[in-house]
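Student: Input: one structure, supplied below.
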Amino acid sequence: MSELPVVVIGAGPLGLAAAAHLLERGLVPMVLEAGPGPGSAVEQWAHVRTFSPWPELVDPAAARLLEPTGWVTPAAGFPTGRQWVDDYLAPVAAALGEHVHYGTRVHAVTRLGRDRLVSPGRADVPFVVHTGDADGFERRIRARAVVDASGTWGQPNPAGAEGVPATGERAAADAGLVSCVPPSPELASAAAG
């Protein structure tokens, strides 16, 4: 299995950092991102300033990957999501080059020839990553390991107790009355009294 890639699900900050670490260890990463570019979830809050300063937002292995390009970690400041994507995530993704694949949604991760009833030898066979793209093309990718860095942005915690939506929360969300995405400056201005 050593000739197979390590699949990293997600090209956000953690997925790209994982890929940089894999490269440093001599492993071949294959980053699969459902969105159109790096940091697709961050793009949804690009106008919001981070609550962490630049030095805390940069992975050391990713910074080493960028060193040959002359990139230097900003010493201070709190970037917006847009700045984080443009000034860090996009350069890391570019440095990873052909290892990053956009528009690829992972539907399932299994083990080759195994199902819920066949367990013996499970650790001895590769993973199979089941993917699909926007055109409906499905693909199965064999991998020696899988890193799930898909994040939680599209799966926010509900307002209700015990991990389930509060009474009426689903209906309010379906009606567009509840959102977990920060409003853009334009929407916030339009809603101002």
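Student: Can you tell me the dipole magnitude for the stretch 6-148 around its Cα centre, using point charges on the Cβ only (Lys, Arg +1; Asp, Glu -1), in Debye to the nearest 20?
Tutor: So the magnitude is around 560 debye.
Student: So what's the net charge close to HIS99: Lys and Arg +1, Asp and Glu -1, counting the other residues with Cβ under 14 Å from its Cβ?
Tutor: Result for the local shell: -2.
Student: With springs only between Cα atoms under 10 Å apart, run a GNM on the chain and tell me which of THR167, THR50, THR110 wobbles the most.
Tutor: Looking only at THR167, THR50, THR110, the biggest GNM fluctuation is shown by THR167.
Student: Less than 14 Å from a label point 7 Å out along the Cα-to-Cβ axis of SER179: which backbone N atoms in the stretch 38-79 qualify, by residue?
Tutor: Answer for this model: 44-48.
Student: OK, next. Using a 10 angstrom cutoff on alpha carbons, build the Gaussian network for the chain and name the most mobile of GLY168, GLY15, GLY136.
Tutor: Of GLY168, GLY15, GLY136, the Gaussian network model singles out GLY168 as fluctuating most.
Student: Label-point separation (nm) for GLU43 and GLU3, each offset 7 Å from Cα along Cα-to-Cβ?
Tutor: According to this spin-label approximation, the distance is 3.6 nm.
Student: Taking loop as defined by DSSP and a crowding limit of 11 other beta carbons within 10 Å, which chymotrypsin sites (Phe, Trp or Tyr not before Pro) in the stretch 114-193 fit?
Tutor: Listed in order of number, the matching sites are PHE137.
Student: Considering the dipole of the stretch 6-148 built from charges on the beta carbon (Lys and Arg +1, Asp and Glu -1) around the Cα centre, which of LEU23, LEU112, THR80 is farthest to its positive end?
Tutor: Among LEU23, LEU112, THR80, the one farthest towards the positive end of the dipole of the stretch 6-148 is LEU112.
Student: For the chain, just the Cα set please: Rg and Dmax, both in angstrom.
Tutor: Taking only Cα atoms of the chain, I get Rg and Dmax of 19.4, 64 Å.
Student: Out of ASP124, ASP148, ASP135, any idea which swings most in a Gaussian network model of the chain, alpha carbons joined below 10 Å?
Tutor: ASP135
Student: Once R0 is set to 25 Å, what does the formula 1/(1 + (r/R0)^6) return for the Cβ-Cβ distance between ALA188 and HIS101, expressed as a FRET efficiency to the nearest 0.05?
Tutor: Using R0 = 25 Å, I get an efficiency of 0.10.
Student: Convert each backbone phi in the stretch 51-59 into a coupling constant with the Karplus relation 6.51 cos²θ - 1.76 cosθ + 1.60 (shift: θ = phi - 60°), then list the ³J(HN,Hα) values in order as whole Hz, x for Gly and Pro.
Tutor: Using θ = phi - 60°, the values come out as 9, 10, x, 3, x, 7, 9, 10, 7 Hz.
Student: Still on this structure: If you take the charge dipole of the chain about its Cα centre, with +1 on Lys and Arg Cβ and -1 on Asp and Glu Cβ, which of ILE9, GLY39, GLN155 is farthest toward its positive end?
Tutor: Farthest towards the positive end: ILE9.
Student: Here's a follow-up. If you average the C-alpha positions of the stretch 97-145 and of the stretch 1-77 separately, how far apart do those two centres end up, in angstrom?
Tutor: 22 Å
Student: Sorted from fewest to most neighbouring beta carbons within 10 Å, what does the list MET1, MET30 look like?
Tutor: Placing the least packed residue first, the sequence is MET1, MET30.
Student: Could you calculate the contour length gain from GLU138 to ALA94, that is, 0.36 nm times the residue separation minus the distance between their Cα atoms, to one decimal place in nm?
Tutor: 13.3 nm
Student: Here's something else I'd like to know. Go through the stretch 157-164 residue by residue and turn each phi into a ³J(HN,Hα) via Karplus (6.51, -1.76, 1.60, θ = phi - 60°); whole Hz please, and just put x for glycine and proline.
Tutor: Rounded to whole hertz, the list is 5, x, 6, x, 7, 6, x, 10.
Student: How large is ³J(HN,Hα) for each residue in the stretch 128-144, as worked out from phi by the Karplus curve 6.51 cos²θ - 1.76 cosθ + 1.60 (θ = phi - 60°), to whole Hz, x for Gly and Pro?
Tutor: Ordered by residue, 3J(HN,Hα) equals 10, 9, 8, 10, x, 10, 4, 8, x, 6, 9, 9, 10, 10, 7, 9, 7 Hz.
All of the numbers you see were taken from the coordinates with simple rules; none came from a lab. Computed from a predicted structure; not experimentally measured. We place every Cβ from the backbone using ideal geometry, glycine too, and count neighbours over all the protein chains shown.
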